Each structure stands twice: as structure tokens, then as C-alpha cells.
1. Could you work out how much longer the chain between residue 122 and residue 64 gets when fully extended? Use 0.36 nm per residue separation minus the Cα distance between them, nm to one decimal.
2. Provide 123, 128 in ascending order of the number of other Cβ atoms located within 10 Å of each residue's Cβ, fewest first.
3. Using the alpha-carbon atoms, what tilt in degrees (0 to 90, nearest 10) does helix 151-175 show relative to the longest principal axis of the chain?
4. I need the calculated FRET efficiency for the pair residue 182 and residue 144, taking r as the beta carbon distance and R₀ as 41 Å, to the nearest 0.05.
5. Rounded to the nearest 0.05, what FRET efficiency do residue 73 and residue 13 have when you use their Cβ-Cβ distance and R0 = 25 Å?
6. Place a point 7 Å from the Cα of residue 2 along the Cα-to-Cβ direction; which residues of the stretch 90-120 have their backbone N under 18 Å from it?
7. Neighbouring Cβ atoms within 10 Å as the yardstick, rank 148, 80 fewest first.
8. Mind giving me the nanometre distance, one decimal, between the label points for residue 102 and residue 175, set 7 Å out from Cα along Cα→Cβ?
């Protein structure tokens, strides 16, 4: 067993704040959609809007931090060894096989993670932001020459994006339990230190 310090304080803060905001936006967003009632429609709309602008501000700070520190390099997509990683998650993980990827200070995310994060940043997030922005400024559509646009289309696209984000969140939470211990990866995002099992050893305590 070895330890490596992977996640810096701001990185951990950004991760947990972003997670909390996304979960809160899902909660308020589905209430606005009429799925249930917790805060009441008007408060849910206000809370959802405040959380959205807060997340925008957080992303601006996070983008600045990633660019100035060079951490953006960890998100450059690659297909190298992606088949090996996919095979591990589809079958090897259920056989207690060792994880084929060992994170390091120069390479924190495996190829599948990189491609997933790229899809979230370039496809899913823009879908949510663009449709949410249009939804928020619906009263200005006519002045912008968007009178032919249907609110129902925007609402449907935004809701579809929300379900995709919920799917990503659930899968992300599940994969967070697939370290050598159920809590090891969550602990790493709290402390910054990740414990790595030796590559040649089976991972004890694997959750199936």
C-alpha cells in the first residue's frame, strides 16, 4: 500500500461545493418541474436561480485556478488504454482484479474519466446553461428576435439535461465506492491523500 497526495485544498473545496450546488439545483429544479413540493414553487425558482449563478461564479474561479496552476492538463482526453479501463469496470471489478490505472501527480484521471468529464464540460453543461439561461430570460425573447422559439422545447431540453446530470451523479457516486475500500476515494477527496493498492495485489474489501 502506498499513498499519494493528489488533491489540493482548492480542488477539494471546488469539488464539494460544485457537488452540493448541483444536487441542490436538481432538488429545486425538479420541484419547479412539478415533480414534488418542498420549498414551494416561487421559493424553488428563486433558490434554483441563486444556486445557478453561484455555480457560474464557482466555475469562473475554478477555470482561473486550473489555468494558472496547470491542472487543466489532467482533463486532456486520451483513448490510450481506454479499452483496458472499460474492460475493468465492465468485468474485472467484479473479479477482484487490480485496477489497471494508478493515479499520480502528473496523471490524476484515467482515460474513461477524462472522456466523461470532457462530455460533461462540452456537451451536458452547455445544454443546461443555454436552456436555463433562455428559460430565465423568457420575457426578453421577443426583443431578441426569438419569438418563434417555444418555451416547451426549452423546458423539455433543460429537463432532459437534468436527467443526464442525475445519471452522471449516480454513476459518479457508485464509482466512488469502487476503490480498494468503499470509502477510500471519498476520503481522498476530503483529505487529499489517496491510498493505492499494489498493482499486483487483489483489492480487498471490494464492493460488488
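Since every read-out is calculated from the coordinates, none of them should be taken as a lab result. Just so it is clear, the structure is predicted and the values come from calculations on it, not from any experiment. Quick reminder, even Gly has a Cβ in these numbers, built from the backbone with ideal geometry, and neighbours come from all protein chains shown.
1. Going from the current span to full extension adds 19.2 nm.
2. Listing 123, 128 from fewest to most nearby Cβ atoms yields 123, 128.
3. For helix 151-175, the angle is close to 20 degrees.
4. Given R0 = 41 Å and the Cβ-Cβ separation, E is 0.25.
5. The calculated FRET efficiency here is 0.80.
6. Once the point is set 7 Å along Cα→Cβ of residue 2, 98-110 turn out to lie under 18 Å by backbone N, inside the stretch 90-120.
7. Ordered from fewest to most neighbouring Cβ atoms within 10 Å, 148, 80 come out as 148, 80.
8. With each label placed 7 Å out from Cα toward Cβ, I get 2.1 nm.
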